[in-house]
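Rule-based calculations on the coordinates, nothing more; no lab input. Worth saying up front: this structure is predicted, and the values here are computed from it rather than measured. As a convention, Cβ positions derive from the backbone with ideal geometry for all residues, glycine included, and neighbour counts pool all protein chains shown.
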Amino acid sequence: MKNPVLLLLLSIVLPVSMAVSQTIENVAPGVWKIVFGVPEKYLPTDFKETPLNTTKTLAAVDKPPFNLKDIQFRKAAGGVIAALPVDTSEQFYGFGLQTNSFQQRGKRREIRISSWVSGNLGFGHASMPFYISSKGYGVLVNTARNTVFYMASKGKLDTTSARPIAGDSQHIALTTVDLYGKQHSLSNEVSITVNGTEGMELYIFGGPGMLAVMQRYNFFSGGGALPPLWGLGFKYRAKATFNEKQVLETANYFRDNKIPCDMLGLEPGWQTHSYSCSFVWNKNNFPDPDAFISKINEKGFKLNLWEHAYTHPSSPLFDSIAKYSCDYTVWTGAVPDFITAGAQRIFGNYHETQFVKKGISAFKLDESDAADYLVADMEWSFPDIARFPSGIDGIQMRQLFGSLYNKTMIDLYHKNNKRTWFDVRSSYLFAAPYPAVLYSDMYSHADFVRMTVNSGFAGVNWSPELRETSNEADLIRRLQTITLSAQMVVNGWYLDLPPWLQYDVKKNEKRELLPNHKQLEERARKLINLRMSLLPYLYAAFARYYFEGIPPVRALILDYPNDANVAAIDDQYMLGESILCAPFIDSASTRRVYLPKGIWYDFNTNKKYEGGRSYTISMSLDELPVFIKDNTILPLANPEQFITSQTVLNLTCNIYGTPTQALQLFEDDHFNNDYKQGVYNWVQLSWNGRKGTVTRKGNYKGRLYTIKKWQVVGS
């Protein structure tokens, strides 16, 4: 039996980090768990999917990327602090879907889910306690509590090294920017603090290399999401006040004008009450919901319904779900505790019977984040002091709520073997398997692009939107950016007409058409058709996300880690294996573009560029800011108006350079989840310099692709 007096003496005499238990365990290939003390009851890993096997995909890693015993822990007032040694050459990336920062060294990051970005603190819709190092490892803090990271931003007192000799003069700063904002203390340490806990749990992800770190993280989360093929098409969200007739008029506009559109979204007006939600159809606007759903589906559209989880007292769910809800309301509505089986069952069963089984294809889960922390009168969400039946508090639930809500709803589609593609306004750790895209009420084009770049460090899909714009150039440049994103969506929730018919909001309300609306409509049609042409390429990229953990949209640094020129590029990104995107922001017609080492081709002109250098590029509004990597087979489909379960895409394969590697396309029944049971094909496209060949491997009996043409476009 242990001597309690001796233990007490040890806790007094020895440092706290030595007196408190600490364990290190290899929990998955290339993944180590370190536990210090006693972490809180609920951790993000409690809610994640089962990891996918990585042994056939990633190189074996026999030992951690650094000596894990060098991590120092200590208890502090109300929490725990960890210190990790780093060297002076390391750069850091990640912390989820960051909006206004890319490289993170020298910054303080405060991980807090928020509905609005407040300064450059680290808040956001998908702020996460996870970063990766340019040295090829990742660090994740497994907590739902607010976490603060000091990313080699503060130097510690050193009394042992030789001191510099003071000179006779010094530079006197004359601005506060020079004094406070430009420099930080030299530091060789990353410090992490978590308050409100008696312990800390870290996960260390090995490489080798940064891309392998992200692959391991995505595998550990359960594999990347594989959307339905139609989810990669075009989505349009109709005005919030539209009734059945107006929604059908919008649907007919797309079909009559041959503008592809796969999904129509309904905003709050479909419900009898929306802030908080009744989850009941407004019969004044939609007198026969079942018939309306059938009409929309018959036209080839998939219907998406807006909601949030806050349950209004008039809802048929309210009485039964109230006992599984927290002790504070949001907009007078009950806040379900989706950790509890009761809330999952009541909320899920209702949505399954009333919506999923009746033909609703997806949902938009709004307001699942939290209030703007820097605006005192914007505290619309539940407070930090809220208590939930599961035992967690408001701080923890704010981080977890979006992911728990998202998972509860998506599980309904998995249960019915249906593929879906959600919109959601917040996410957290381990969300890679969720077929959903994040969105925001913010509208900075530059922020949208930076978030697109950062999404590859987060295990989430990011969806910039097009709404109103300031001018024609802004309209087209934003439309180009959403064409080159994980989801192409125009959100007309306050617009009567699509923005290319009238981008001025007040004139749009009056249904006044732009003088050149037909020209802009044709440009929109061309870009949406291009998006439909890219479906085979995009679908293959997302299949790699699932099977190999490679983010379909990612920063250049992940593909070119040894190129110092890409280390700080936050306005260009890779889309799949071979497409480099360089969006033109805020109506620009000229920008600097850096092309990594190798040969690249302008997608518009097939002009060849030597990589490893920057170019000043000018492009008209009719040109897409895209460059194709040398030795690429790029399959482009004849654009369809919408995707059905019987769709067969006719492909033209464009050849750039002299590709020696085959292109792998993914083929399956993209309306269900049978691929998880191995029902799919890999369609291998090869080019021998003169002709192309097609080889199928797999057990899927259907056909999604037919190769109609091979053509050399860049050589």
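Output wanted: per-residue J couplings in Hz (rounded whole) for region 103-110, from phi through Karplus 6.51 cos²θ - 1.76 cosθ + 1.60, θ = phi - 60°, x for Gly and Pro.
With the stated coefficients, region 103-110 comes to 6, 10, 5, x, 10, 9, 10, 10 Hz.
With a 10 Å Cβ neighbour count serving as the proxy for reagent exposure, in which order, fewest first, do Y573, Y413 appear?
Working: Y573 27, Y413 23.
So the residues, fewest neighbours to most, are Y413, Y573.
Under a point spin-label approximation (7 Å from Cα along Cα-to-Cβ), what is the K697-E189 distance to one decimal in nm?
For K697 paired with E189, the spin-label model returns 5.1 nm.
Taking the Cα centre of the chain as origin and charging only Cβ (+1 Lys, Arg; -1 Asp, Glu), how large is the dipole, in debye to the nearest 20? Display every interim value, and only then the final one.
Values: 74 positive and 67 negative charges, 342 e Å.
Once rounded to the nearest 20, the dipole reads 1640 debye.
Counting only C-alpha contacts under 8 Å and six or more residues apart, can you give the relative contact order of region 645-715 as a whole percent?
So the answer I get is 45 percent.
Whole-Hz ³J(HN,Hα) for each residue in region 91-102, computed from phi via Karplus 6.51 cos²θ - 1.76 cosθ + 1.60 with θ = phi - 60°, x for glycine and proline: what do you get?
Result, rounded to whole Hz: 10, 10, 9, x, 6, x, 8, 6, 9, 10, 8, 10.
Can you sort W270, W281 so the residue with the fewest Cβ neighbours within 10 Å comes first?
Ranked by crowding around the Cβ, least crowded first: W281, W270.
Does region 633-714 come out rounded, prolate or oblate by the C-alpha gyration tensor, with a ≥ b ≥ c the root eigenvalues, rounded set by a/c under 1.5 and, if not, prolate when a/b is larger than b/c and oblate if not? Before the final figure, lay out each step's value.
Details: a/c = 2.78, a/b = 1.57, b/c = 1.77.
Verdict is oblate for region 633-714.
Under a 5 Å amide H to amide H cut-off, with H placed in plane at 1.01 Å, what residues pair with K135 once short-range neighbours are removed?
Amide H neighbours of K135: Q91.
Which of the lysines could a cross-linker bridge to K33, judged by Cα under 23 Å and excluding same-chain residues fewer than eight apart?
In chain and number order, the partners are K41, K48, K56, K63, K69, K75, K135.
If contacts are Cα pairs under 8 angstrom and at least 6 residues apart, what is the relative contact order of the chain in percent?
RCO, the chain: 12 percent.
Do the alpha carbons of any pairs in K299/K691; K299/K418; K295/K697; K607/K691; K418/K597; K235/K709 sit beyond 31 Å of each other, and which pairs?
Among K299/K691; K299/K418; K295/K697; K607/K691; K418/K597; K235/K709, the Cα-Cα distance tops 31 Å for K299/K691; K295/K697; K418/K597.
List every DSSP H helix in the chain whose Cα atoms extend 18 Å or more along the helix's own long axis and whose mean Kyte-Doolittle hydropathy is at least 0.0.
Once both thresholds are applied, what remains is 535-548.
Translational D (Stokes-Einstein, µm²/s) of region 552-630 at 25 °C and 0.890 mPa s when Rh comes from the Kirkwood sum over C-alpha pairs?
Numbers: Rh = 12.7 Å.
D = 194 µm²/s.
Between L121, T644, G692, whose Cα lies farthest towards the positive end of the dipole of the chain when Lys and Arg beta carbons carry +1 and Asp and Glu beta carbons carry -1, centred on the Cα centre?
In the chain, that residue is G692.
Can you figure out the FRET efficiency of A173 with S444, using R₀ = 30 Å and their beta-carbon distance, to the nearest 0.05?
Efficiency, from the Cβ-Cβ distance: 0.50.
Going out from 0 in 10 Å bins, what whole percent of all Cα-Cα distances in the chain drops into each bin?
3, 14, 24, 26, 19, 10, 3, 1, 0
Under the definition of Cα pairs under 8 Å and six or more residues apart, what whole-number percent is the relative contact order of region 271-331?
That works out to 37 percent.
Which percent, nearest 5, of DSSP beta bridges in region 229-547 are antiparallel?
Once the DSSP bridges in region 229-547 are tallied, antiparallel ones form about 20 percent.
Which is farthest toward the positive dipole end of region 254-352 among S320, V280, G265, measuring Cα position about the Cα centre, with Cβ charges +1 (Lys, Arg) and -1 (Asp, Glu)?
It is G265.
Can you sort E244, E298 so the residue with the fewest Cβ neighbours within 10 Å comes first? It would help to have the intermediate numbers written out before the result.
Details: E244 20, E298 8.
Least to most surrounded, the residues fall as E298, E244.
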